[in-house]
Amino acid sequence: MTDTRTAVLAAADALVAAFGRHDTKAYFDAFSPEATFIFYNLDRTLASRAEYEAEWALWETRDGFAVRACRSTGRNVQIVGDVAIFTHAVETDLSIGGEAMTNRERETIVFARQADDRWLAVHEHLSAAA
């Protein structure tokens, strides 16, 4: 179980690090193509990685969206067979339209072990911090 937990945390760390440096290729590569996304600031569920990538590109072009840094705290991993549920508090420095801001949120990312033993994210749920 410890090796599995370590592998899931490494996958989560890579995902968060890519997000924090606005490395869209590495960030989206951390997700399965079939991954789904629920964000509190969207009125709909994004039903695939491709839908999220299109939304992200819209944020960049329409809103001037850019991630500057990201910090993950209060991390927990729950292993259920070949599925892992990663929860954490996330603080993100970003800019929108040239204006700097910091978001404080809670996030659940569900990872699934792949046939090659990699852990890919298959679902992300983001909520505003209380």
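Below 13 angstrom from the Cβ of residue 48, what's the summed charge of the other residues (Lys, Arg +1; Asp, Glu -1)? Numbers along the way, then the final one.
Working: positive: 44, 49; negative: 34, 51, 53, 55, 124.
Summing Lys/Arg as +1 and Asp/Glu as -1 gives -3.
Using 0.36 nm times the number of residues separating residue 55 and residue 114, minus their current alpha carbon distance, what extension gain do you get?
Numbers: separation 59, 0.36 × 59 = 21.24 nm, distance 2.59 nm.
Gain on stretching residue 55 to residue 114: 18.6 nm.
Most mobile of 40, 52, 27 per a Gaussian network model of the chain (Cα springs, under 10 Å)?
40
Just add up the charged neighbours of residue 12: K/R +1, D/E -1, any other residue whose Cβ is under 12 Å from the Cβ of residue 12. Mind showing how you got there, number by number?
Details: positive: 5, 75; negative: 13, 107, 124.
Computed value for this residue: -1.
Could you please tell me the mean projected area of the C-alpha convex hull for segment 58-130, averaged over all directions and given in square nanometres to one decimal? The partial results should precede the final answer.
Numbers: hull surface 24.7 nm².
Reported value for the Cα convex hull: 6.2 nm².
Return the calculated 222 nm mean residue ellipticity for the chain, to the nearest 500 deg cm²/dmol, obtained by summing -39500 (n - 2.57) across DSSP H runs with n ≥ 4 and dividing by the residue count. Intermediate results must be reported in sequence, preceding the final value.
On the way: 3 runs with 40 residues, N = 130.
So the helix-based figure for the chain works out to -10000 deg cm²/dmol.
Determine the sum of side-chain charges near residue 89: Lys and Arg each +1, Asp and Glu each -1, restricted to other residues whose C-beta is under 9 angstrom from that of residue 89. Don't skip to the answer; put the middle values down first.
Working: positive: 71, 75, 104, 106; negative: 91, 105, 107.
With Lys, Arg at +1 and Asp, Glu at -1, the neighbours total +1.
With a 10 Å cut-off between alpha carbons and a GNM built on the chain, which of 31, 86, 65 moves the most?
Judging by the Gaussian network model, the answer is 65.
Would you work out the relative contact order for the chain, in percent, from Cα pairs under 8 angstrom that are 6 or more residues apart?
On the way: 248 pairs, mean separation 31.5, N = 130.
Answer for the chain is 24 percent.
Would you kindly work out the equivalent ellipsoid of segment 1-51 from its C-alpha gyration tensor and give its semi-axes, the square roots of five times the eigenvalues, largest first in whole Å? Please list the in-between numbers first.
Working: eigenvalues 101, 39, 23 Å².
Its equivalent ellipsoid spans semi-axes of 22, 14, 11 Å.
Hey, what does the equivalent ellipsoid look like for the chain, semi-axes from the Cα gyration tensor as sqrt of 5 times each eigenvalue, largest first, whole Å?
Details: eigenvalues 119, 52, 35 Å².
Values for the chain, descending: 24, 16, 13 Å.
No lab work stands behind these numbers, since they all come straight from the coordinates. Values in this document were obtained by computation on a predicted structure and should not be read as measured data. Using ideal geometry, Cβ is built from the backbone for each residue, glycine included, and neighbour counts are taken over all protein chains shown.
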